[in-house]
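Chemist: Structure provided below as structure tokens; questions to follow.
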Amino acid sequence: MPTNVAAARLVLEGVKAACSNCNLRELCLPIGIEPADLRKLDELVSTRRRMKRGDYLYRAGQGFESIYAIRSGFFKTDVLIEDGRDQVTGFQMTGELLGLDGISSEVHTCNAIALEDSEVCAIPFSQLEGLSRQIHTLQHHFHKVMSREIVRDHGVMMLLGTMRAEERLAAFLLNLSQRFKARGYSPAEFNLRMSRDEIGSYLGLKLETVSRAFSRFQEEGLLSVHQRKVRILNTAGLRRLMTHQRSD
């Protein structure tokens, strides 16, 4: 039996998410964290969880235990509103965090759903709090992450409150472009993991409005769109849309 136990340990170590060897370390962790502290964080990451498209990472009302670093894949968060529809509240990609919604109430306030086959690292929050008190760079980093989420929420409010339909879509595409670029992917050519309907829900637009905006962007030479594959042909033109300017 000792041999079997040893083998089991090796298997567990093999599937364990190791931050020190992860190629997303620069996105998830503060730069400059000491090797000894990084080993402590390695020990904290409890599981690496693989998910199929359509799987729920967690549901609204579920008790909050962990936050999740997206190792690969793409997610959406949504809430059920009074009329029975699902309202999309965000899209999260590789190198970003999920689960922060549950920190204040210790209950998740939204659903998190995989938009493609994905993998996440689960980090027990109670243990993370203790480690953050020991590693000040880690504590500062997570304060920055939470601040970024607040700023993103404010940005969405601006989208919904002050921008016309085409401006909202332009801002959405430019934001995705910047996030893909930060992860080493092409900022000009990418696949949309979400549907037009989900984009509309997030931006406060009807499906038909989103489709018309995409068509107009193609007609004006701003984008090339084939199903879910998008190629940005004129980044400056998209930016001008957001400042109420038009090219001649």
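The numbers here are math on the coordinates, done by the rules we state, and not lab data. A quick note: this is a predicted structure, and the numbers were derived from the prediction, not measured. Cβ atoms come from the backbone with ideal geometry, glycine included; neighbour counts cover every protein chain shown.
Chemist: List the residues, sorted by chain then number, that are 5 or more residues from Glu189 or on another chain and whose placed amide H is less than 5 Å from its amide H.
Modeler: The list, which skips near neighbours in sequence, is Ile232.
Chemist: Okay, moving on. Skipping prolines and chain starts, which residues have an amide H placed within reach, meaning under 5 Å, of the one on Ile67, given they are 5 or more residues away or on another chain?
Modeler: So Ile67 has HN proximity to Ile123, Phe125.
Chemist: Just the projected area, averaged over all directions, of the convex hull on the alpha carbon atoms of segment 163-242: how many nm²?
Modeler: 4.7
Chemist: Can you work out the Karplus-derived ³J(HN,Hα) for every residue in segment 197-210? Use 6.51 cos²θ - 1.76 cosθ + 1.60 with θ = phi - 60°, whole Hz, and x for glycine or proline.
Modeler: With coefficients 6.51, -1.76 and 1.60, one gets 5, 5, 4, x, 4, 5, 8, x, 10, 6, 3, 5, 5, 4 Hz.
Chemist: Does anything in segment 185-205 have its amide N under 18 Å from the 7 Å Cα→Cβ label point of Arg85, and if so which residues?
Modeler: Zone members listed by number: 195-205.
Chemist: How large is ³J(HN,Hα), in whole Hz, for each residue of segment 131-143 in order, when computed from phi with the Karplus curve 6.51 cos²θ - 1.76 cosθ + 1.60 and θ = phi - 60°, using x for Gly and Pro?
Modeler: Residue by residue, segment 131-143 yields 5, 5, 5, 8, 10, 5, 5, 5, 4, 4, 4, 6, 5 Hz.
Chemist: Sorted by average packing, counted as other Cβ atoms within 10 angstrom per residue and highest first, what order do 180-189, 160-169 take?
Modeler: Ranked from most to least packed, the peptides come out as 160-169, 180-189.
Chemist: Continuing with this model, one more query. Using alpha-carbon pairs under 8 Å, 6+ residues apart, how would you state the relative contact order of segment 125-215 in percent?
Modeler: This gives 22 percent for segment 125-215.
Chemist: Report, in debye and to the nearest 20, how large the dipole of segment 163-242 comes out about its Cα centre when Lys and Arg carry +1 and Asp and Glu carry -1 on their Cβ.
Modeler: Values: 15 positive and 8 negative charges, 48 e Å.
Charge dipole of segment 163-242: 240 debye, to the nearest 20.
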